[in-house]
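Every number here is computed from the coordinates shown, using simple stated rules; none is lab data. Just so we're clear, the structure is a prediction, and the values are computed from it rather than from any experiment. Glycine gets a Cβ as well: all are built from the backbone with ideal geometry, and neighbour counts include every protein chain shown.
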Amino acid sequence: MVEFTRTVLPNGLRVLVHEDHTTPLAAVNITYYVGSRDEQDDKTGFAHLFEHLMFAGSKNAPDFDDPLQRAGGENNAFTTNDYTTFYEIVPADNLEIALWLESDRMLALNISKKSLDVQRKVVVEEFKETCLNEPYGDCWHHLSEMMFHVHPYRWPVIGLTPEHIESANVADVRSFYRNWYTPSNAVLSIAGHVNTADALLLAEKWFADIPSGPSMKHSPLPEPAQTAAVYKEVRSNVPLPALYMAFRTPARLEPDFYVLDLLSDVLAQGHSSRLYRRLLKEKQVFSQIDAYITANVDPGLIVIEGRPADGVSMETAIAAVWEELELLKNEAIDERELKKIQHRFESTIVFSETSILNKAQNLGFYEILDRAELMNEEVETYLAITPAEMQRVAGEIFRPEASATLVYVPAETV
């Protein structure tokens, strides 16, 4: 149980504070409710670009890292389809420095042609390095395109093409900043060796005078139901054949999301999971296999990916995966297997709550998702799932006509 207080400033900024006096540190996390799903289809990659631009300096802190490092702190950020997060970890006595830095770049980020040119080059190089020059690096471009045709999840977080970032101008970037990087679209969460009243006074000191910003809406077009299987073969400069199978998931807050999340653990969580134990160790169909969900706010994906073992055809590998999925659909999971997965999940949650950074980030994420209290309620939701629910959801999700199969073949293969 993570206890916290919530205060909403007049400008709309939600401030969540959690006291943890087992550490001398404090974590500051700002979650902006903007991700790649809020971009235009001819200006993709902007949310990720801003993850970099936010470190380009601001009016009173031209070098974001320098004062933080002198205060003994560290920082980082990440972007998703749905939101963007920035965080600092500092000695608790230096909490105010982190709050000052975050408030200054929320109010007066340095967006100039020079800063844009520098960060644009960094992002374009990252695109080329991770997507174009890395084996299988463009898999999310293919999977997103195969599974989404209307919703903006049809492009990955890094963007559709580097040309969108290369053509971004200062006016475009400033507009994105004014619309989304505002108090009314953000959650500030503070966790660690702090006094709640003192932390709130500091938050008010540094953030209360920032204008709230426009009221932006998240209104992506809903993706129509898939009615036919999709298959794509990519001949590329990859060392080995690879398989990616994808299915749509329920939205993050739908009850069946939790069931499917546990199903992904049954398939691929640890060495006793079904895909690893049966297809890699026993049948030796794969040399590597995994399954995971994207956990998007809107309906996302569950992906099964693997590398067939040497001498195993792709047709055999695909058939083996389908055999395991059919078992989930046709046979109720054993109660003991389910309890093992549930208890492992519970242990993971409990362990994660020993980290002040995890707690600060979870407070921010759950607050924009719905309400931060949800982070304390979901364990009970997972523990209440039954074998019958898992069998039902497996039958609804793992259907051939609702699937996408992406296959990589080494370019030299004829």
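Numbers at a glance
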read-out	value
Asp370 paired with Lys205, simple spin-label distance in nm, labels 7 Å along Cα-to-beta-carbon	3.7 nm
Residues whose placed amide H lies under 5 Å from that of Ser236, excluding near-sequence neighbours	Val409, Ala411
Burial ordering of Glu223, Glu233, fewest other beta-carbon atoms within 10 Å first	Glu233, Glu223
Within the range 230-410: Cβ-based charge dipole about Cα centre, in debye rounded to nearest 20 (Lys, Arg +1; Asp, Glu -1)	620 debye
Between the range 386-414 and the range 239-303, the alpha-carbon center distance in angstrom	9 Å
Whole-Å distance, taken between Cα centres, linking the range 1-42 and the range 310-362	29 Å
Selection of trypsin sites (Lys or Arg not before Pro), the range 134-231, meeting DSSP coil and at most 13 other Cβ within 10 Å	Lys217
Order of His21, His164, His48 - criterion: other Cβ atoms within 10 Å of each residue's Cβ, fewest first	His21, His164, His48
Ranked Asp104, Asp261, criterion: other C-beta atoms within 10 Å, fewest first	Asp104, Asp261
Helix 255-268 vs. the chain, principal-axis angle (Cα, 0 to 90°, nearest 10)	60 degrees
On Cα atoms only, tilt of 387-397 relative to the major axis of the chain in degrees	90 degrees
Cα centre as origin, Lys/Arg/Asp/Glu Cβ charges: the chain dipole, Debye	440 debye
Helix axis angle, 356-369 relative to the chain longest principal axis, alpha carbon, degrees	80 degrees
Simple Cβ-charge dipole of the range 5-207, Lys/Arg +1 and Asp/Glu -1, about Cα centre, in debye nearest 20	580 debye
